[in-house]
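Let me begin by presenting the structure, written as structure tokens, before commenting on it.
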Amino acid sequence: MSIPSKANRAILLLGMHRSGTSATMRVINLLGADLGHDLMPAAEGNNPLGFWEHNGVVAIHEELLGALDRSWQDVRAMPDDWLSSESAAIARKKLYDLLSQEFSSSPLWAVKDPRISRLLPLWLQVLGDMNVEACAVFVVRNPAEVAQSLADRDGLSSELTHLSWLQYILEGELAARHLVRAVITYDNLLHDWAGCMRLLEHELHLQWPVAIEEISSEVAAFINVSERHHKADKADEAELPELARSVYEVFLEKANGYSSWDRIEKISDVYQRSAKVFLDGIDATVSQFAALKVTAAQKSHQLQQLEQRVDGLQVALKEMEARNFMRVGPLQGGQFKDVAKVYFRHASGAYSEEDSAQFLHEGLHGATRILWRLQAPAGLDFIRLDPSGFPGEFLLQDLQINGIKIDCKEDSFTTVHQFIVRDDSGGCRFASSDSDPFVELDARSLTIQYDAAVVVELTCQRLTPGDELRQLIEATLQATSDDNTAKQTELLRLQQATHTRLYSLEERLTLSDTNHTNALT
């Protein structure tokens with residue numbers, strides 16, 4: 001591809017969004033400036049007469065801003081040394097290829113995208129690579145009207161828009177100082193578009209390929225003062241920040257021929273020096289917020305993983321219990337019934353159904369008081385307590401034999417089937433993955449008076465670890481929802497506290513599956 005000569009000129013349209021750049025670009029296009037072949041389509045309710053922006057250019061801008069952690073409505077300054085970044089180098093190559101393909105044979109062409117105002121240094125590099133002469137046109141609109149328009153379209157606050165307006169106008173002005181440049185206003189374009197185009201022709205030292213008079217009817221079709229949606233009144237202008245008002249007024253004076261670029265440059269320099277203080281503060285705050293969001297997301301993901309593990313274990317336990325219910329539990333009155341049993345034996349004997357008593361219940365989901373009455377005229381040496389005919393985890397508390405309170409701790413029991421669950425909250429906690437959970441008590445050392453009957457009383461509760469862990473997680477989330485530091489600490493504690501429980505449950509499930517497989521075989 002041949003390198004174009006300096007006879008090729010590019011008009012870069014600069015200005016904030018919703019400032020009249022679309023209407024200005026359409027007039028420039030009708031006067032003979034080439035805009036390329038892939039233009040963004042019109043948008044009903046937003047820009048029904050067209051944006052007159054090149055799709056490829058906008059896509060490259062958006063990709064670059066995203067890589068730099070910026071967006072079109074970002075009020076922060078561009079990152080330090082962004083122009084020398086790898087992302088800028090990629091965008092420079094893409095722009096060069098696109099513009100060369102579209103405009104290499106065009107003596108006069110134009111590009112419009114408000115983002116150019118903030119990316120102008122990159123554009124000047126690209127146009128230098130192409131050997132194309134650049135000139136700049138600033139389209140300026142009252143920032144109060146821009147704020148109204150963006151509030152209606154995007155819901156942006158006026159404070160955000162006023163600061164963005166300053167960034168777009170003054171960053172563009174700083175980068176364009178060595179270019180041939182001109183200023184027109186949105187008001188002047190609406191009331192005297194032809195005068196604005198003659199001003200550009202004079203200020204930019206060019207001659208429009210198409211005479212201004214020849215496009216009057218076409219321009220009249222889309223420039224209509226009566227269709228203007230936002231017009232600032234005195235109250236709106238009174239609410240403008242002083243700096244935004246001053247910048248707007250000096251650009252307005254320049255557009256009307258009452259001021260010079262020197263005055264604009266002086267107020268722009270004051271802004272550039274002052275803005276660094278609060279823009280750096282905004283950047284630091286945004287960075288801190290982003291870091292907190294990442295941390296919060298990581299914690300949320302970890303908690304979700306814990307909940308998923310708990311859910312999986314719960315489902316497996318329920319399936320295991322269901323299999324045991326189908327094998328063992330009788331169905332009465334629409335409810336699964338369960339039986340708690342107590343057995344006794346002498347040291348030299350064995351347990352038998354004859355030396356036992358039963359207690360029928362519909363589950364041990366709450367703390368249930370179980371009472372058995374045994375006939376043991378010859379006394380007893382060992383007592384076996386079976387709280388349920390189904391697998392699960394059980395908490396045994398408040399054991400009494402003939403009114404004598406027995407210390408209900410794990411060390412008090414001779415045998416436990418199958419797992420002891422360590423717990424300092426009091427009582428004996430044990431678990432079984434099959435249909436025969438029980439504990440055995442050595443009663444030989446107990447000073448109990450026996451007669452014809454032995455009364456055994458026990459408070460027992462079935463525990464469901466999955467529910468307990470879920471409640472603990474939910475309580476943790478609720479208690480630490482507004483405190484990221486506390487949440488991190490609590491999450492670590494929760495992980496440590498649940499690790500042993502989860503491991504034990506998984507071990508139980510594995511053993512249960514093995515037992516069931518052996519039983520079926």
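Values quoted throughout were computed directly from the atomic coordinates according to the rules given, and no laboratory measurement underlies them. This structure is a prediction, so every number in the text was calculated from the model and none was measured. When we count neighbours, we look across all protein chains shown, and the Cβ atoms used for this are built from the backbone with ideal geometry, even at glycine.
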### Task
Express the relative contact order of the stretch 331-463 as a whole percentage, based on alpha carbon pairs under 8 Å and six or more residues apart in sequence.
33
### Task
Describe numerically, in nm with one decimal, the distance between label points set 7 Å from Cα along Cα→Cβ at Gln73 and at His37.
3.5
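Given N residues in the stretch 392-449, what is its alpha carbon radius of gyration divided by 2.2 N^0.38 Å? Provide the component values of the computation, followed by the final result.
Numbers: Rg = 11.8 Å, N = 58, 2.2 N^0.38 = 10.3 Å.
In units of the globular-protein estimate, the stretch 392-449 measures up at 1.15.
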### Summary
Sorted by chain and number, the residues with a modelled amide H under 5 Å from that of Val180, at a separation of 5 or more or across chains, are Ala136
### Low-density loop cleavage sites - GluC sites (Glu not before Pro) in the stretch 28-117, where at most 12 other Cβ are within 10 Å (DSSP)
Glu44
### Query
Which value in nm describes the separation of the simple spin-label points at Glu253 and Asp152, placed 7 Å from the Cα toward the beta carbon?
3.1
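Hey, which of these cross-link pairs are over 32 Å Cα-Cα: Lys112/Lys254; Lys266/Lys293; Lys337/Lys409; Lys112/Lys276; Lys94/Lys254; Lys112/Lys293? Don't jump to the answer; show the numbers that get you there.
Details: Lys112/Lys254 21 Å; Lys266/Lys293 40 Å; Lys337/Lys409 28 Å; Lys112/Lys276 28 Å; Lys94/Lys254 35 Å; Lys112/Lys293 35 Å.
Result: Lys266/Lys293; Lys94/Lys254; Lys112/Lys293 exceed 32 Å.
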### Message
Below 12 angstrom from the Cβ of Asp34, what's the summed charge of the other residues (Lys, Arg +1; Asp, Glu -1)?
### Response
0
### Message
Could you work out how much longer the chain between Ser105 and Glu214 gets when fully extended? Use 0.36 nm per residue separation minus the Cα distance between them, nm to one decimal.
### Response
36.8 nm
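Given 4 °C and 1.567 mPa s, how large is the Stokes-Einstein diffusion coefficient of the stretch 331-463 in µm²/s, with Rh as the Kirkwood radius over Cα pairs?
Details: Rh = 15.0 Å.
Value of D from the Cα-based Kirkwood radius: 86 µm²/s.
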### Task
Order by neighbour count: Leu446, Leu124, fewest other Cβ atoms within 10 Å first, most last.
Leu446, Leu124
### Message
Just to be sure I understand the model, the point goes 7 Å from the Cα along the line to the Cβ. What's the resulting His178 to Asn131 distance in nm?
### Response
1.9
### Task
Quick one: Debye curve from the alpha-carbon atoms of the stretch 13-259 only, equal weights, vacuum; give me log10 I(q)/I(0) at q = 0.14, 0.17 Å⁻¹ to two decimals.
-0.96, -1.48
### Message
Starting from 0.36 nm per residue, how many nanometres of slack lie between Arg369 and Ile404 once their C-alpha separation is accounted for?
### Response
11.0 nm
### Task
Subtract the Cα-Cα distance of Asp381 and Asp436 from 0.36 nm times their separation in residues, and report this length gain in nm to one decimal.
17.7 nm
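Exposure proxy check: Arg18, Arg115 ranked by fewest other beta carbons within 10 Å? Before the final figure, lay out each step's value.
Details: Arg18 25, Arg115 20.
Listing Arg18, Arg115 from fewest to most nearby Cβ atoms yields Arg115, Arg18.
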### Query
FRET efficiency for Gln304 and Ser412, Cβ-Cβ distance as r, R0 = 56 Å, nearest 0.05?
0.85
### Long-range HN-HN contacts of Arg345 with modeled amide H, under 5 Å
Asp381, Phe382
### Query
Can you list the residues, at least 5 places off or on another chain, whose amide H is less than 5 Å from the amide H of Ile406, using H built in the peptide plane?
Leu399, Gln400, Ile401
### Task
Based on other C-beta atoms within 10 Å, arrange Ser445, Ser300, Ser259 from fewest to most.
Ser445, Ser300, Ser259
